[in-house]
Amino acid sequence: MPREPDPLTVAELVRHAVALCDPDDEDADLGEFEVQLEDDDEPVTAVENLDERLAIAEEGADVLLEKPAVMMATAVALYLAHRRDEMHADREHVLRLAARAEWKDDPPDAVADWLAERGVEV
């Protein structure tokens, strides 16, 4: 008898968001963001204030909140938390929709430039 898949944890969500933002695993800032939540085994659906938890981790990796890769990883994690059906969607598709959802089609210039460098048009 097939069983339901295990629930998605915060750590798995953040790991996936970071992988989408940094597929070559080269960005130390994203590594620091991921480390902030690497042991968080709470199911995403059980977290009442996920945006707050991610914001604290984001600040831990980017005190001045000015690093576009970390800002995007946070946006991607929040987007995928609400759209788990998009977990295996195309990278550019997820980045574009996460940016639109987070910044209402008007991301900060640094994020827009970061996306453009990766061929993602918002």
> Expressed as a whole percentage, what fraction of the accessible surface of the chain belongs to carbon and sulfur atoms when a 1.4 Å probe is rolled over the protein heavy atoms?
Replying inline: 46 percent
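Shape of segment 58-122 from its Cα gyration tensor (a ≥ b ≥ c, root eigenvalues): rounded if a/c is under 1.5, otherwise prolate when a/b > b/c, or oblate?
oblate
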> Solvent-accessible area per residue for the chain at a 1.4 Å probe radius, Å²?
Replying inline: 59 Å²
> Taking amide hydrogens as modeled 1.01 Å from N in the peptide plane, which residues meet the under 5 Å criterion relative to T9, leaving out close sequence neighbours?
Replying inline: V44
>> Could you compute the longest span of the chain free of trypsin sites (Lys or Arg not before Pro) located in DSSP loops and having at most 16 other Cβ atoms within 10 Å, not counting the site residues?
In response: 4-82
> Using a simple charge model, +1 on the beta-carbon of Lys and Arg, -1 on the beta-carbon of Asp and Glu, nothing else, what dipole does segment 26-85 show about its Cα centre, in debye to the nearest 20?
Replying inline: 320 debye
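What value, in deg cm²/dmol to 500, does the helix sum -39500 (n - 2.57) over DSSP H runs of n ≥ 4 give at 222 nm once divided by the residues of the chain? Mind showing how you got there, number by number?
Numbers: 6 runs with 70 residues, N = 122.
Per the formula, -17500 deg cm²/dmol.
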> So what are the ³J(HN,Hα) numbers for segment 11-16, from phi and the Karplus equation (6.51, -1.76, 1.60; θ = phi - 60°), rounded to whole Hz, Gly and Pro as x?
Replying inline: 4, 5, 4, 5, 4, 5
> Looking at the P(r) of the chain, how many percent of alpha-carbon pairs lie beyond 23 Å?
Replying inline: 25 percent
> Ordered by packing density, taken as the mean number of other Cβ atoms within 10 Å over each peptide's residues, highest first, how do 75-81, 21-27, 31-37 rank?
Replying inline: 75-81, 31-37, 21-27
> What percent do you get for the relative contact order of the chain when only Cα pairs under 8 Å and 6+ apart count?
Replying inline: 25 percent
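Can you figure out the FRET efficiency of D40 with R83, using R₀ = 22 Å and their beta-carbon distance, to the nearest 0.05?
Details: r = 20 Å, r/R0 = 0.89.
Calculated transfer efficiency: 0.65.
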>> With +1 assigned to the C-beta of every Lys and Arg and -1 to the C-beta of every Asp and Glu, and no other charges, what is the dipole magnitude of segment 53-122 about the Cα centre in debye, to the nearest 20?
In response: 300 debye
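The values are calculated or read from the model by the stated rules, or taken from the named source; none is laboratory data. What you see is a predicted model, and the numbers here were worked out from it, not measured in a lab. Every residue, glycine as well, gets a Cβ built from its backbone with ideal geometry; the counts of neighbours run over all protein chains shown. SASA here: full protein model, heavy atoms, side chains in, ligands and nucleic acids out. Shrake-Rupley method; radii C 1.70, N 1.55, O 1.52, S 1.80 Å.
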